[in-house]
Amino acid sequence: MKFTFDEWFVVELARTIRDGEVTFHGFASPCAQVAMHLAKRTHAPNMMLIEGAMYAVNPTPAFIPPTGNDAVLKQGAVYSMRFEEFFDAAVRGDIDRMFLSGIQIDRYGNANLTAVGGMPRPKVKIGGGGGGCNVSATVRHLSIWSTNHRTGRCLVSACDFITDVGHRTPAGTRAELGYTGGGPDWMVTELGIFDFHEGRARLRRIFPDVAVEELEAATAFDLEVAADLTEVDPPERSQIEWVRKLDPIGIRRNEFRPQELQRTFGL
Amino acid sequence: MAFHLDADKLTDLNSAARLVPSGGLVALGGSLSARLPMALVRELIRLETAELHVVGSAHSIDVDLLVAAGAIKVCEQSYVGFEQDHGLAPAFRRAAQNGELEVRESCCDTVLTQIRAAEMGLPFLPVRGVKGTGIRELHPEYGEVTCPFTGETLVAVPALSPDVALIHAPMGDRAGNLHLEQPYVLDERFAAGSAAVVATVDRIVSTQEVAEAGIVIPAYRVAAVVEAPFGAHPTSAFPGYAYDRAHIAEWVRAAGTPQGAAAYLEQYVMSTDEAGYREMIGEQRMAQLRGYSDSTESWMSLYS
């Protein structure tokens, strides 16, 4: 079986979800969105899946649309949370896992979703962080991802602007800031997979077509590498089949630059 | 935030849009590609409304059109853009980078908390997050408060009471009772925390019909209601119609330059009214958008 990198990437995001977790993704996050549906259909049948901008609970959409609040995304859900019901749960600590990304991410897992060059006079004004500024402080675990590690501009030594909080900001640690969530525990990029050791990103797995030197050159902070660094475990055939079935339009591919979509593998 | 007790609030779009004062604090209902109050947005642009301070939770073409028309002074949104599909909002981005727009970027949960303070008649409420972020630095009006019970220091955010909330609903009655489909996003809270709701509906129906569908926003919050078929276009108003992805792509392409944005506004807004706008979109296209629910294939075909 041949498969492409976007399919594998979604599998790796799904693998950060543990069965039974209450899990949420934000809007504009198709890879995380497909990953949550994949996890629910495979290794995490008992998770509670809260569908991004719809707040629908455990929906079974026929396809993933290119926008986060199309009504197809509540198909099969008998209940949708109200907006405030979700945010109250998130700041109270009842959401176990949320997926977050950013145009810049530092070694502590802080993320910039606001502006390259900082505010108030940005070089590039990007969309904004949605609800992440508050809920990154209180959700129990954060899965971070980026599909732009290779550019060398994403994993930075310091974010130009901190929209979502990681393990520490220049203002202090999570404990010092009074943050009740646990912060990021995984960061998946198109080059490798990091955990967080003593609050700092540490490379644990690397994709088989990537060299450590290449990954290091694309990382602006000092790269910490786990002693047991290995290649990423290949996906299972059934996982790839589910990705294709759940996302027949291929919305997940919107997150990748063309060269990443050229990466193909075999099982 | 007084109640609005008139039995009949049905009016025309122009009169309704005139209830939005230049310089006013305006809450925008809906979010992303769903239920944005587009007919009102277009009419505000025709009226050359200016200096608006807009607030909302994750918006797209509504804010981008208003920015392109020069109608917004302060943008207090948690996000403005077209997700991973069409990407950055061109007019918003350009104005933010040129310093023509004050971006007081916020967070969905902070806006929710500020509106709740207004609803409750309180001067502020605390939030647990925001501390240590760049968002905090963009808001000198935020404060800090020490909890008298636990001693924790939390960020205090002031009550935010919009002058008007602009809300589009698939159906409502002449009194202003509105039925919405989930997600309501902040619309219920905006309705309760704003001085007045100005609403557009795809269909004016009997009170009995809207009550049977379920009243989400009660008439006493609503100052004016307008029948505006396809009034959320190019965004969706389920169960009536899906969003018009191709039209949004047309805007994003056009708005890549100030000249292109101006040409779009001239064609679809300034030189026409809502009936003319619907004619330009065309019955065939509107039928496709209404036909999303015919089959999974027809729904997917809108987006493939």
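Estimate the FRET efficiency between B:Gln259 and A:Ala175 by the formula 1/(1 + (r/R0)^6), using the beta-carbon distance for r and 45 Å for R0, to the nearest 0.05. Computed FRET efficiency for B:Gln259 and A:Ala175 comes out at 0.30. Scalar couplings 3J(HN,Hα) for the range A:110-127, obtained by applying the Karplus form with A = 6.51, B = -1.76, C = 1.60 to θ = phi - 60°, are 5, 9, 9, 10, 10, 6, 6, x, x, 10, x, 10, x, 6, 10, 7, 9, x Hz; x denotes Gly and Pro.
Taking label positions 7 Å along the Cα-Cβ direction at both B:Glu279 and B:Ser206, the computed distance is 3.4 nm, reported to one decimal. For the protein assembly as shown, the 222 nm mean residue ellipticity estimated from helices alone, with every DSSP H stretch of n ≥ 4 adding -39500 (n - 2.57) and the total spread over all residues, rounds to -7500 deg cm²/dmol. With K and R counted +1 and D and E -1, the other residues having a Cβ less than 9 Å from that of A:Thr230 yield a net charge of -1. Rolling a 1.4 Å probe over the protein chains gives A:Asp222 an accessible area of about 120 Å².
Projecting the Cα atoms of A:Phe9, B:Leu302, A:Val212 onto the charge dipole of the protein assembly as shown, computed from C-beta unit charges around the Cα centre, puts A:Val212 farthest toward the positive end. Among the cysteines of chain A, A:Cys31, A:Cys154, A:Cys159 have no other cysteine beta carbon within less than 4.7 Å of their own. Given +1 at the Cβ of Lys and Arg, -1 at the Cβ of Asp and Glu and no other charges, the dipole of the range A:2-257 around its Cα centre is 560 debye to the nearest 20.
Computed from backbone phi, the HN-Hα couplings of the range A:70-78 come to 7, 5, 4, 6, 10, 4, x, 8, 8 Hz, rounded to whole numbers (Karplus: 6.51 cos²θ - 1.76 cosθ + 1.60, θ = phi - 60°; Gly and Pro given as x). Sequence-ordered 3J(HN,Hα) estimates for the range B:273-288 from the Karplus curve with 6.51, -1.76 and 1.60 and θ = phi - 60° stand at 10, 5, 5, x, 4, 5, 4, 5, 5, x, 4, 4, 5, 5, 5, 4 Hz, glycine and proline given as x.
Computed from point charges on the beta carbon alone (+1 for Lys and Arg, -1 for Asp and Glu), the dipole magnitude for the protein assembly as shown about its Cα centre is near 460 Debye.
Here the scattering of chain B is modelled by Debye summation over its C-alpha atoms, one equal scatterer each and no solvent; at q = 0.07, 0.09 Å⁻¹ the log10 of I(q)/I(0) is -0.26, -0.43.
Database note for chain B: Cys without another Cys beta carbon under 4.7 angstrom, B:Cys75, B:Cys108, B:Cys147. Pull up the cross-link candidates among the lysines for A:Lys245, meaning alpha carbon to alpha carbon under 22 Å and not fewer than 8 places away within one chain. Filter leaves A:Lys2, A:Lys40, A:Lys74. Measuring from a point 7 Å past the Cα of A:Asp94 along Cα-to-C-beta, which residues in the range B:114-133 have an amide N at less than 20 Å? Hits in the range B:114-133 for A:Asp94 at 20 Å: B:114, B:116-117, B:126-129. Direction-averaged projected area, Cα convex hull, the range A:2-257: 13.2 nm², rounded to one decimal.
Sort the protein assembly as shown into rounded, prolate or oblate with this rule: let a ≥ b ≥ c be the square roots of the eigenvalues of the Cα gyration tensor; rounded if a/c is under 1.5, and if a/c is not under 1.5, prolate when a/b is larger than b/c, oblate otherwise. Judged from the Cα gyration tensor, the protein assembly as shown comes out prolate (a/c at least 1.5, a/b above b/c). For the chain pair B and A, buried accessible area totals roughly 4600 Å², probe 1.4 Å, rounded to the nearest 100.
Heavy-atom accessible area, probed at 1.4 angstrom with all protein chains present, ranks B:Phe124, B:Phe238 as B:Phe124, B:Phe238, highest first. Charge dipole (Cα centre; +1 on Lys/Arg Cβ, -1 on Asp/Glu Cβ; no other charges) of the range B:250-304 amounts to roughly 140 debye. Legend: Rg and Dmax of the range B:185-304, from Cα coordinates, 16.7, 48 Å. Note on B:Ala287 and B:Glu48: with the Förster distance fixed at 51 Å, the Cβ-Cβ geometry gives a FRET efficiency of about 0.90. When exposed loop sites are taken as chymotrypsin sites (Phe, Trp or Tyr not before Pro) in a DSSP loop with at most 15 other Cβ atoms within 10 Å, the longest stretch of chain A clear of them is A:80-220. Taking 17 Å as the straight-line reach from the Cα of A:Lys125, the lysines in range (excluding those fewer than 8 positions away in the same chain) are B:Lys73.
The values are calculated or read from the model by the stated rules, or taken from the named source; none is laboratory data. Bear in mind that the values here come from a model prediction, so they are computed numbers and not experimental data. Neighbour counts run over all protein chains shown; Cβ positions are idealised from the backbone, glycine included. Heavy atoms of the whole protein, side chains included, go into the accessibility calculation; ligands, DNA and RNA do not. Shrake-Rupley method; radii C 1.70, N 1.55, O 1.52, S 1.80 Å.
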